[in-house]
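Colleague: Here you go, one structure.
Read-outs throughout are calculated quantities, based only on the coordinates presented, and are distinct from any laboratory measurement. Not measured: the values here are computed from a predicted model. Cβ placement follows ideal geometry from the backbone for every residue including glycine, while neighbour counts extend to all protein chains displayed.
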Amino acid sequence: MPTQRRRVVDVFEEEVPLDPDELWVHEGCIIWASGVYLVNGRLYGVQEALDGARDTSCSHCMAMGSTLGCYSKGCTLSYHYLCATEAGCALNEDNFSLRCPKHKFPQNHRPVKPVYPEQSERG
């Protein structure tokens, strides 16, 4: 199996020469990055997001390059897009924001536990 994998990598490298000045990123990671905006089919703020990601480690996998920070004020957790989905973060597609598992629900919107008469403390 390792031989087949190496062959695929070699074919890829031969067919697609990579420029050392290019940086490839996952689409999900960059679209969800804070400060990145899509206007008329063009992304803005990409370089700034990448500059910040170089020094930011993912709270899930610990690898560098995370671009999604928790939207909750004061939270320093940051994720790669795929790590955020694996970690159970809440991704809001309306404003492309993320909340870590700890801050998934704002304080005033926490799910209410159902109280059944037979489970009441009053007995």
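Colleague: Using 0.36 nm times the number of residues separating ASN40 and MET62, minus their current alpha carbon distance, what extension gain do you get? Don't skip to the end; give the middle numbers.
Modeller: Working: separation 22, 0.36 × 22 = 7.92 nm, distance 3.46 nm.
Additional length available on full extension: 4.5 nm.
Colleague: Once you have the Kirkwood Rh of segment 19-93 from its Cα pairs, apply Stokes-Einstein at 4 °C and 1.567 mPa s and quote D in µm²/s. If you can, show how the numbers build up before the last one.
Modeller: On the way: Rh = 12.8 Å.
The Stokes-Einstein estimate is 101 µm²/s.
Colleague: Would you please name the trypsin sites (Lys or Arg not before Pro) within segment 15-85 that are DSSP coil residues with at most 15 other C-beta atoms within 10 Å of their C-beta?
Modeller: Values: sites: ARG42, ARG54, LYS73; in loops: ARG54, LYS73.
For trypsin sites (Lys or Arg not before Pro) across segment 15-85 that sit outside H, G, I, E and B with at most 15 neighbouring Cβ atoms in 10 Å, the list reads ARG54, LYS73.
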